[in-house]
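The values are calculated or read from the model by the stated rules, or taken from the named source; none is laboratory data. None of the values given here were measured: they were computed from a predicted structure. Here the Cβ is made from the backbone with ideal geometry for all residues, glycine too, and neighbour counts use every protein chain on show. Keep in mind that these areas ignore ligands, DNA and RNA; they rest on the heavy atoms of the full protein, side chains included. Shrake-Rupley method; radii C 1.70, N 1.55, O 1.52, S 1.80 Å.
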Amino acid sequence: AREFRVARLTVKDPGIDAVIDRGGKLNLLLLSTRGEKGEDKDERAGTPSGGAEPASPETKIIIEAIRLSGGKVRFRDRTTDPPVDLALDRLQLTADNVTTEKDRKAKFSFSTDVHRTGGVSVDGDFSVDPPSLGAKVRVKAIPISPVQPYFTDKVKILVTGGAVSAEGDLSVDAPKGRPTNVAYKGKASVNGFSSVDKERGEEFLKFATLHLVGMEAGNAPRKVFIKGIALTDFFSRIILNPDASLNVQGIVAKGAAAGDNATAKTVTAPLADATKPVPTPVRIETVTLQGGAILFSDRYVKPNYTASLVEIGGRISGLSSEESRQADVDLRGKLENSAPLTIRGKINPLAENLFVDLQIELRDMDLSPLSPYTGRYAGYGIRKGKLTFVLNYHIDQKKLNAENKIFLDQFTFGEAVDSPDATKLPVRLAVALLKDRKGEIVLDLPVTGQIDDPKFSIWGVVWKIIGNLLVKAATSPFALLGAIFGGGEELSYLEFDPGTTALPGTAEGGKIGTLAKALGERPELTLEIEGHVDPERDSEALRHLIFRRKVAAQKVKELARGGVAVPAIDNVFVAAAEYPKYLAQAYREEKFPKPRNVLGMAKDLPVPEMEKLMLAHIPVTNDDLRQIALDRASNVKERLIGTGKVEPGRIFLVEPKTLPPEKKEKLRDSRVDFRIK
């Protein structure tokens, strides 16, 4: 009847050597009489020629009790280099009513020590037809390092410590002709993990405990649910290499990555037209971090830069792959054990469309350790300064809106550094333009863009904004000041009426007032004033001024002879009725050749003729024009100092290279130009 029944099978102290050779064959399977194609030689010989193999009745095996105790299994896998060696000791197995009958379950209990330090125990039931398993699994401190050869060629880290533990319910169902269903419900942990970078021999990642509780994972239906993940006392080493690559980028070996990519291409190519697979639902209620530290070293810059982020802790609550749910984030830490860092907000990194609404805040970070960066790219080290920033990042439907509010306190450049990568832009001037009287710099750098645009880079935009600030400081410093205090590029000059040196009436409360306020709030700035003239218009205006003074001088003489108080000559008013008299007197005093009558005496001329001749004989020299330019600059300086907001030592009069200034559209040549230093 092809039925085999055993009442009791007892095995004591078995010793088994299981070896997988370099070809991948297990020595225990070689005990079978099956050929390479899985055919039994005796059955093959007994098959009638030219006919079908006769059907055989189903074989039934029943073992009422199995008892195994005290055994050892020595396992070696020679497919890896070096081979994997595992030792199972103190085997204990009890099983009741083991049968090949369909839909009949057997109860069993199994335990063993693994590699001397760990252990596994499994209790539950199983069936042979169809294959199924339902059991309570307990894994205690199974070391990771013995199985390292399985992945050592795929990663560039060496695991130097760590053990895996787990406890939960495992179920496996493998119905014939249908996919195998696997589900696990329980907890798991990795304790005492440590690793080093193979190439550098430096610590890479270590932690005391990675604990996962409330796990529910399976493939029917597919899901991953974890009630809590806790990572405690962790340390990570991040290094920017001299070739500008990160050490974490090279952890997966290139060969392994290439192999994975090749496999992916092979598998996915036939599915190119298939429907998009449904993502596995994932939910993690809480992620807790405690006692973390990250050590960062930049070996790309010279000298090298190192910084540590310590006391990392906090939690992320409500992670889910559902589009409508966002997780709450509250993380904290300290940079260099002094500058507090906080990250708060909401995220949904597991959803198909990334959602981020975070505020990242760092306060009072000392800037002098960043001298290697500023020395390389700015050409100066940092003598002192502190950084505070508040970043607000919002990403929804791949659209980014970010605010970067940066506060620099007492930022001061140090000595110049000879660096071929340093910008030629005036970084010191830019800092002086931005730094107020309290030594504070406030920057607001907004960033927007599509994160799925391959050309978009957040930091690329930020650096572009900073670069634009430097360019503006070099080319349009007054526009930069004007953006802060008002006035714009118009602050770079002050126009005068031709021939005059007195400030326009609107200058006091206008440009002069704004400029004085800006200089008062930017104590590191100095101002150069350069006066200019319009040779034609200022010359003509000066002639008319001298002419008017000559006429007014005649009235001054008359007033003085009469004992009347005499005002300043420019304030003397000559009425129209008395103008011809004083003009004639002034004309008579002129020494230039005058038209004469037949007796040789100066002829009396009409008013227009006298005016024309006097103006024609009033000389205006370059020295006269230069004096106008100097007087204009001096008057501006005097007015700025008079506001009480600018120290005299910060204002300099500059001798003009040429009396006329550089031509600028819509600007008079009769002006003073300002330069910020």
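Annotations
- ARG383 being open to solvent by 20 Å² or more (accessible area, probe 1.4 Å), farther than 29 Å from GLY292 by Cα, in contact (Cβ under 8 Å) with a residue 60 or more places away in the chain and not hydrophobic (A, V, I, L, M, F, W, C): no
- The number of residues in the stretch 76-94 that are under 23 Å from ASP123 (Cβ atoms) and of a type outside the set (Ser, Thr, Tyr) comes to 8.
- Selection status of THR501, out of contact with any Phe, Trp or Tyr (no Cβ under 9 Å at 6 or more places or on another chain), in contact (Cβ under 8 Å) with a residue 60 or more places away in the chain and of a type in the set (S, T, N, Q): yes
- Verdict on LEU370 being within 20 Å of the chain's Cα centre (by Cα) and either open to solvent by 40 Å² or more (accessible area, probe 1.4 Å) or of a type in the set (A, V, I, L, M, F, W, C) (or both): yes
- When residues of the stretch 209-226 are limited to those that are touching a residue at least 40 places away in the same chain (Cβ under 8 Å) and touching a Ser or Thr at 6+ places or on another chain (Cβ under 7 Å), the one farthest from GLY291 (Cα to Cα): ARG222
- Single condition ALA327 does not satisfy, out of (1) open to solvent by 70 Å² or more (accessible area, probe 1.4 Å); (2) more than 17 Å from THR306 (Cα to Cα): (1)
- Selected residue (criterion: farthest from LYS677 (Cα to Cα)) from residues of the stretch 450-487 that are open to solvent by less than 60 Å² (accessible area, probe 1.4 Å) and in contact with an Asp or Glu (Cβ under 9 Å, 6 or more places away or on another chain): PHE485
- Just one of the listed residues (ASP409, ASP444) is out of contact with any helix residue (DSSP H, G or I) (no Cβ under 9 Å at 6 or more places or on another chain), within 22 Å of LEU480 (Cα to Cα) and open to solvent by 60 Å² or more (accessible area, probe 1.4 Å), namely ASP444.
- Only one of the listed residues (GLU665, GLU655, GLU638, GLU609) is closer than 18 Å to ARG537 by Cα and either open to solvent by 60 Å² or more (accessible area, probe 1.4 Å) or touching a strand residue (DSSP E or B) at 6+ places or on another chain (Cβ under 6 Å) (or both). That residue is GLU665.
- For first residues located in the stretch 552-581 and closer than 20 Å to GLY499 by Cα and at pLDDT 85 or above, partners that are of a type in the set (Phe, Trp, Tyr) and exposed (fewer than 15 other Cβ atoms within 10 Å of the Cβ) and lie 6+ apart or on another chain with Cβ distances below 9 Å form the pairs ALA552/PHE573.
- THR112 open to solvent by less than 40 Å² (accessible area, probe 1.4 Å) and either in contact with a helix residue (DSSP H, G or I) (Cβ under 6 Å, 6 or more places away or on another chain) or within 26 Å of VAL190 (Cβ to Cβ) (or both): yes
- Among the residues listed as ASP534, ASP604, ASP570, the single one being touching a Lys or Arg at 6+ places or on another chain (Cβ under 8 Å) and open to solvent by 60 Å² or more (accessible area, probe 1.4 Å): ASP570
- Residue selected from the stretch 288-324 under the condition of a type in the set (Asp, Glu) and either loosely packed, with under 15 Cβ neighbours inside 10 Å or closer than 23 Å to LEU358 by Cβ (or both), by the criterion nearest to the chain's Cα centre (by Cα): GLU311
- For first residues located in the stretch 437-457 and free of Cβ contacts under 8 Å to residues at least 40 places away in the same chain and aliphatic (A, V, I, L, M), partners that are outside any strand (DSSP E or B) and open to solvent by less than 40 Å² (accessible area, probe 1.4 Å) and lie 6+ apart or on another chain with Cβ distances below 6 Å form the pairs ILE441/LEU434; ILE441/LYS435.
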